[in-house]
Amino acid sequence: MRRALPLILALALVGCNKDRTKDVVGTWSGATGGNITFAQDGKMSSQAGPATVTGSWKLDGDKVTITPEAVQGKPIADFKKQLQGMAASLPANLRSKIDEMDKPQGLTLGADGKTMTADAKGADGKTVTLTKQGA
């Protein structure tokens, strides 16, 4: 039994460090519409209304970090400048999101692999929860 204990502990630790990439890969949707698709190669795309955002994603434990890179095929820095030029005409809750749009955004993958919750609140101040389609 003494010899088996290290093996049992090692197997338990391996089980705790399960790669959850398969849980993330796929298309996720939010309650307010729109969706985000995570590809196996670390690329992502998000559709909300007429806007398509593309970028990359990475997984660390149950934390998913997405990094936006382009909106409608235009580099995100250029799109951000365009929005900043129109900021005065936008609602306050959207103006505050412009400065954050090119920053990495975090999500927490649920234990069941069927839900993800955004670390930041949505423009409406509410928690954003995504549900995996087909799960």
(request) Starting from residues that are within 16 Å of the chain's Cα centre (by Cα) and within 21 Å of D23 (Cβ to Cβ), keep the ones in the range 123-135 and report whichever is surrounded by the most Cβ atoms within 10 Å (Cβ to Cβ). (result) L130
(request) Only residues that are among the aliphatic types (A, V, I, L, M), modelled with pLDDT of 85 or more and loosely packed, with under 13 Cβ neighbours inside 10 Å: list them for the range 84-117, please. (result) A111
(request) Hey, could you check the range 67-78 for residues that are in contact with a Pro (Cβ under 9 Å, 6 or more places away or on another chain) and surrounded by 12 or more Cβ atoms within 10 Å (Cβ to Cβ) and say which is modelled with the lowest pLDDT? (result) I76
(message) Residue under question is K74, and the condition is that it be closer than 27 Å to D23 by Cβ and either in contact (Cβ under 8 Å) with a residue 24 or more places away in the chain or of a type in the set (K, R) (or both); does it hold?
(response) no
(message) All but one of (1) aliphatic (A, V, I, L, M); (2) loosely packed, with under 15 Cβ neighbours inside 10 Å; (3) more than 17 Å from I36 (Cα to Cα) hold for A120; state the number of the condition that does not hold.
(response) (3)
(request) Inspect the range 45-58 for any residue being exposed (fewer than 15 other Cβ atoms within 10 Å of the Cβ), at pLDDT 90 or above and not polar (S, T, N, Q) and give the result as yes or no. (result) yes
(request) Within the range 110-122, track down each residue that is part of a strand (DSSP E or B) and more than 13 Å from D23 (Cβ to Cβ). (result) T117, A118
(message) Can you tell me how many residues within the range 71-97 are of a type outside the set (G, A, S), closer than 19 Å to S56 by Cα and in a helix (DSSP H, G or I)?
(response) 4
(request) Tell me, yes or no, whether the range 17-37 has at least one residue that is assigned to a loop (DSSP other than H, G, I, E, B), farther than 30 Å from G134 by Cα and at pLDDT below 80. (result) no
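Scanning for something free of Cβ contacts under 8 Å to residues at least 12 places away in the same chain and closer than 18 Å to T27 by Cβ, does the range 112-122 turn up at least one residue?
Yes, there is a match, as at least one residue in the range 112-122 is free of Cβ contacts under 8 Å to residues at least 12 places away in the same chain and closer than 18 Å to T27 by Cβ.
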(message) Let me confirm something: among G134, G125, which residue is on the phi > 0 side of the Ramachandran plot, touching a Ser or Thr at 6+ places or on another chain (Cβ under 9 Å) and part of a loop (DSSP other than H, G, I, E, B)?
(response) G134
(message) Could you check the range 98-109 and list, in sequence order, the residues that are within 16 Å of the chain's Cα centre (by Cα) and either in a loop (DSSP other than H, G, I, E, B) or in contact (Cβ under 8 Å) with a residue 60 or more places away in the chain (or both)?
(response) E100, M101, D102, K103, P104, L109
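The values are calculated or read from the model by the stated rules, or taken from the named source; none is laboratory data. Note that the structure is a prediction, hence the values are computed from the model and not measured. Don't worry about glycine lacking a Cβ; one is built from the backbone with ideal geometry, like all the others, and counts go over all protein chains shown.
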